[in-house]
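Asks: Following this message is one structure expressed as structure tokens.
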């Protein structure tokens, strides 16, 4: 009995979802209109209607036209509010942007959204199903960045699904809402767990392992530009960039030290999630130490390199490894 | 912030209903709230609020019998409101407070219905709404919330009005507790003391509108309210048989028919031929049952009864303004045949009372055997002797009529009426005292009579064979101006009804301009009473017929749908949802609109013609608008082509649009004038 009930529920949800995806198809940017806005009274709205009925009876029983008038005014205000709550959401544009930060499984992940509205919109509540609310008090024509939270995501490609946009403006009598699919995809890195065992070295130079694959500051190779700090040699200043109006920058040089390291993932590992977590931890560690490292995952290899770009590349590779088991969580 | 205002605004109009201690609790709550708002006081602990709420509910339940159920209910609501107000924590609490606020406003409407207090309460409603808006809006943006609140409210008014007009009026669905207001106006006993109190009151008693704009002499306006047939030596009282009949009407269960039975007059077919006066009366709330009518008054309205003494009597006390329709038959005799029992009632006098007056009456009886002659002689007696009319008569002793009639010779209507009725009875003619109002102030703008409390009056009805009860007003002999020209002509208002309120606005009565203004206000108030407070099924039918012709269900439905559609669209438009296609540049539009009008007057602007060149041509062709058009052109150029700051830009923009409007009006006017001269 319970099973069939659940089945019916699932069926309804499926139908609803497919109807929604036909009505409000996924897009990077969605502008709400009559097609995508739903309005129903809130609990307070029903209380309001009850008050109207009570006042109407009250006015009828006392044959008091003014009380009746007040009750009609309340009813009429309810009607006005429906239009206003529609107007509040109509013309609201939501668009997804690429996230600049990446987060790890188990940590809250923040998804950036841009909000704008042709006419001002107030008190917009945004959230993904079951996730914390984000409230934008006022949205105007200028894009307003907003950050939505997804608590405890799993490793891999996060698809938070439909975003619920809701507003009870202006009187809280009606709830106008929409479910928009902004086609959001975000890579959630594996949860880092400390451990050394997956580290492997290309050359068995065990004596200088800590130094291997690491650059030290030097003069041979151009590393990049950094902000000029008062007192640094003026010879190092990147005058060309300064002339371009990019401010005072200092050229940094470095030299490689030792051979690069390889992180390897054993495809036959008994607990691949744990291995992935350890690899993620090591990736962070090595990046922090500015070491050069590569990744070997079966046939996929990422050539040794270093820096933020490389870190993301490696972490993404680790994160997108097909899931066989539920993600490792230590809770 | 809004909440602070709303609380005080909602509670203040209800202060009359609130008991002292609920008022005290409310004050404490408000002060506490201000403290919380300023961050000086902590929020009260929950147990304290709960205990207080319980205690006050219990106390109110106990005193409910004493102060009346409705008042108790109001007090309970107010207390709950005030207590909820200090323990407000989240949005939900505020919502509850706001809903309770609306309910309290409705309760206030039950008590107060004047136009003025309605406007006041509308403002309160607005403030209450703003509280809700501030919940969903930037909390600090006071002005914006107010603006939006006003917008929503105003946009809701048309639909509310349509609902008000269209929705059917139902009769009361169940019995409601009476409001138990203080009784005002006449009382059912009349003694030498009590009408003077009324003459000090400038309050409105009722208003009457005659159909076909009948104008009546002041001396014809004797509004009967109470008939008193028993005299006990100090005061005149209603006969118990009438009181029983009245009670039977208010409470149909008590069918106590002991003693003299009196039946209401029913013979309507007899009356049809007679000259009829029909009018409607709007009685002010008095918490009494009796209504006012002229002479032989009949009414077909629901809830109004006709009594055996030809008075109108409401089944329920007049707690709110009440409109009723009356048809009077001034020439119809009242009770042409008097039953012996009733005759005895109207002849009886207490033993050994006023022996000197009795002797005087006997002299009249001996001198004038014919009843009409005798009554005339008695009336004349008041003019022959040095009687004078005063609202501050000297004190009387135990034989009050003797003292007045033969010693003091000074008094007001009750004195004269009592003395006359006493003499008539003593000389063997059935007589009774009638109290009510005499006269009325005619408002020519709205065509109705206002009758104020100070117009309260008492007179005598004497029974004559075949003629029934005939009205005699001995006061008219002493102070004929009082009857013919009205109360104000005879008395200096300062001495009577203004004595208690020297600065009341009635004291400006004497000034012509203020009087005009007062009349204007009175007319507005009158229309308010008739069309809003007195809006009932009849009026509803009439309005709908006026709008729709014959009212059919389909027509009504169509009317509702169309009006709903129009209202919905207009709200949507004003909310900025629907926009008609229009160029975005308002300045360009404003300028072009004028050019378009000029094109119709055969002065089109060329496509490549600059505004300055065009300006010169316009000035040459139409010197009458040259100056104005020059102004418009200058504003336009300044906005379009000159780089000015933001603020002057806004100011100029306003000026430009205003100028454009002004020019349009002038040009259209000129064209209309031109058309006229051509045809």
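The values are calculated or read from the model by the stated rules, or taken from the named source; none is laboratory data. Just so it is clear, the model here is predicted, and its values are computed rather than measured. Positions of Cβ are backbone-derived with ideal geometry, glycine not excepted, and every protein chain shown enters the neighbour counts.
Asks: Looking at region B:290-301, is at least one residue surrounded by 22 or more Cβ atoms within 10 Å (Cβ to Cβ), at pLDDT below 85, under 30 Å from residue B:351 (Cβ atoms) and touching a strand residue (DSSP E or B) at 6+ places or on another chain (Cβ under 8 Å)?
Replies: No, region B:290-301 has no match at all.
Asks: Looking at (1) modelled with pLDDT under 85; (2) touching a strand residue (DSSP E or B) at 6+ places or on another chain (Cβ under 9 Å); (3) more than 17 Å from residue A:192 (Cα to Cα), which is the only condition residue A:323 fails?
Replies: (3)
Asks: While we're on this one: If you check residue A:40 against the conditions, is it more than 30 Å from residue A:314 (Cα to Cα) and either surrounded by 19 or more Cβ atoms within 10 Å (Cβ to Cβ) or within 14 Å of chain B (Cβ to nearest Cβ) (or both)?
Replies: no
Asks: Can you name every residue in region B:158-173 that is within 7 Å of chain A (Cβ to nearest Cβ) and closer than 20 Å to residue B:561 by Cα?
Replies: Of everything in region B:158-173, those that are within 7 Å of chain A (Cβ to nearest Cβ) and closer than 20 Å to residue B:561 by Cα turn out to be B:159, B:160, B:163, B:164.
Okay, residues lined up against (1) in a loop (DSSP other than H, G, I, E, B); (2) over 30 Å from residue A:119 (Cβ atoms); (3) modelled with pLDDT under 75:
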| position | (1), (2), (3) |
| --- | --- |
| B:482 | no, yes, yes |
| B:489 | no, yes, yes |
| B:547 | no, yes, no |
| B:563 | no, no, no |
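Asks: So, one more: Given A:135, A:82, which one is within 18 Å of residue A:176 (Cβ to Cβ), within 18 Å of the chain's Cα centre (by Cα) and within 11 Å of another protein chain (Cβ to nearest Cβ)?
Replies: One residue alone meets the criteria, A:135.
Asks: Also, I was wondering about something else. On the given criteria, is residue B:137 touching a helix residue (DSSP H, G or I) at 6+ places or on another chain (Cβ under 6 Å) and either modelled with pLDDT under 85 or more than 9 Å from every other protein chain (Cβ to nearest Cβ) (or both)?
Replies: Taking the combined requirement at face value, the residue satisfies it.
Asks: Restricting to region A:46-55, what's the tally of residues that are surrounded by 21 or more Cβ atoms within 10 Å (Cβ to Cβ) and either in contact (Cβ under 8 Å) with a residue 24 or more places away in the chain or more than 8 Å from every other protein chain (Cβ to nearest Cβ) (or both)?
Replies: So the count comes out to 1.
Asks: Which ones in region A:8-43 are over 30 Å from residue A:75 (Cα atoms), touching a residue at least 24 places away in the same chain (Cβ under 8 Å) and over 24 Å from the mean Cα position of the chain (by Cα)?
Replies: Once the filter is applied, which keeps residues that are over 30 Å from residue A:75 (Cα atoms), touching a residue at least 24 places away in the same chain (Cβ under 8 Å) and over 24 Å from the mean Cα position of the chain (by Cα), region A:8-43 yields nothing.
Asks: Kindly indicate whether any position in region A:100-114 is within 14 Å of chain B (Cβ to nearest Cβ) and either closer than 17 Å to residue A:147 by Cβ or touching a strand residue (DSSP E or B) at 6+ places or on another chain (Cβ under 9 Å) (or both).
Replies: Scanning region A:100-114, I find no residue that is within 14 Å of chain B (Cβ to nearest Cβ) and either closer than 17 Å to residue A:147 by Cβ or touching a strand residue (DSSP E or B) at 6+ places or on another chain (Cβ under 9 Å) (or both), so the answer is no.
Asks: Of the residues B:338, B:347, which single one is closer than 25 Å to residue B:237 by Cα, touching a strand residue (DSSP E or B) at 6+ places or on another chain (Cβ under 6 Å) and not in a helix (DSSP H, G or I)?
Replies: After applying the criteria, what remains is B:338.
Asks: Of all the strands (runs of 3 or more DSSP E) wholly in region A:174-287, which have at least 2 residues that are modelled with pLDDT of 80 or more and under 27 Å from residue A:100 (Cα atoms)?
Replies: Here the list reads A:174-180, A:186-189, A:261-265.
Asks: Kindly state which helices (runs of 4 or more DSSP H) lie completely within region B:45-135 and contain at least 3 residues that are buried (at least 22 other Cβ atoms within 10 Å of the Cβ).
Replies: Helices (runs of 4 or more DSSP H) meeting the threshold: B:69-86, B:91-111, B:115-135.
Asks: Pick out the one residue from A:63, A:87 that is within 33 Å of the chain's Cα centre (by Cα) and within 7 Å of chain B (Cβ to nearest Cβ).
Replies: A:87
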